[in-house]
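What follows is a single structure, written as structure tokens, with notes after it.
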Amino acid sequence: MLAACKVPADPEGTTVEVTGDLLKVGALTTPLDTTDAEAVRRISEAMQAQTELVTGDPHSLFTQLEEGAIHLVAGRIPANTPFSADVGLSAPIGRIQLAGESEDRVLAIRKGENRFLVTLNRAIEGMGN
């Protein structure tokens with residue numbers, strides 16, 4: 001029973017690394033549109049961190065995310081992204097239209113960084129409504 005009460009952990013220490021320091025964001029679109037920019041602003045504010053945007057192609061940014069060189073990826077990411085098996089996904093921050101279909105829109109983080117995911121989801125709470 002006590003094991004269920006533990007605070008989620010970050011095996012790679014993302015929350016500690018970002019808090020009060022620097023949030024490195026891989027931007028799939030530049031500039032980030034209003035929805036993604038607002039989500040990043042909320043996360044940075046909640047973590048008292050400055051934001052640094054890193055640009056690149058999707059494969060490069062998702063590789064950097066998996067290696068821990070950046071902390072999250074933003075930029076019109078659908079919840080059904082092909083990268084979903086390799087990353088953690090946030091709660092929805094809105095909807096996007098893809099091929100005539102409406103999809104939940106999310107942010108991507110390094111897989112397994114559960115404390116960071118909880119912190120991020122609290123910061124963006126209400127955006128997906």
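The values are calculated or read from the model by the stated rules, or taken from the named source; none is laboratory data. Being a predicted model, the structure only gives us computed values, none of them experimental. Note that each Cβ is placed from the backbone with ideal geometry, even for glycine, and that neighbours are counted across all protein chains shown. Keep in mind that these areas ignore ligands, DNA and RNA; they rest on the heavy atoms of the full protein, side chains included. Shrake-Rupley method; radii C 1.70, N 1.55, O 1.52, S 1.80 Å.
When DSSP assigns beta bridges and you keep just the ones with both residues in segment 22-129, what percent turn out antiparallel, to the nearest 5? Beta bridges within segment 22-129, antiparallel portion: roughly 55 percent.
Using C-alpha pairs below 8 Å separated by at least 6 residues, the relative contact order for segment 27-75 is 57 percent. Between amide H atoms placed 1.01 Å from N, distances below 5 Å from T55 occur with A27, all of them 5 or more places distant or on a separate chain. Mean projected area of the Cα convex hull of the chain, taken over all directions, amounts to 8.3 nm². Only protein atoms count toward the accessible area here, which uses a 1.4 Å probe; on the chain, the carbon and sulfur part of that area reaches 50 percent.
Remark: relative contact order (the chain) = 29 percent; criterion is Cα-Cα distance under 8 angstrom and separation of 6 or more residues. Solvent-accessible surface of the chain, taken per residue with a 1.4 Å probe and all protein chains present: 54 Å².
Helical runs (DSSP H, four residues minimum) scored at -39500 (n - 2.57) apiece and divided by the length of the chain put the mean residue ellipticity at 222 nm at -8500 deg cm²/dmol. Summing charges over all other residues whose Cβ lies under 11 Å from the Cβ of A123, with Lys and Arg as +1 and Asp and Glu as -1, gives 0.
Relative protection proxy for 37-47, 10-20, from highest mean packing down: 37-47, 10-20 (other beta-carbon atoms within 10 angstrom).
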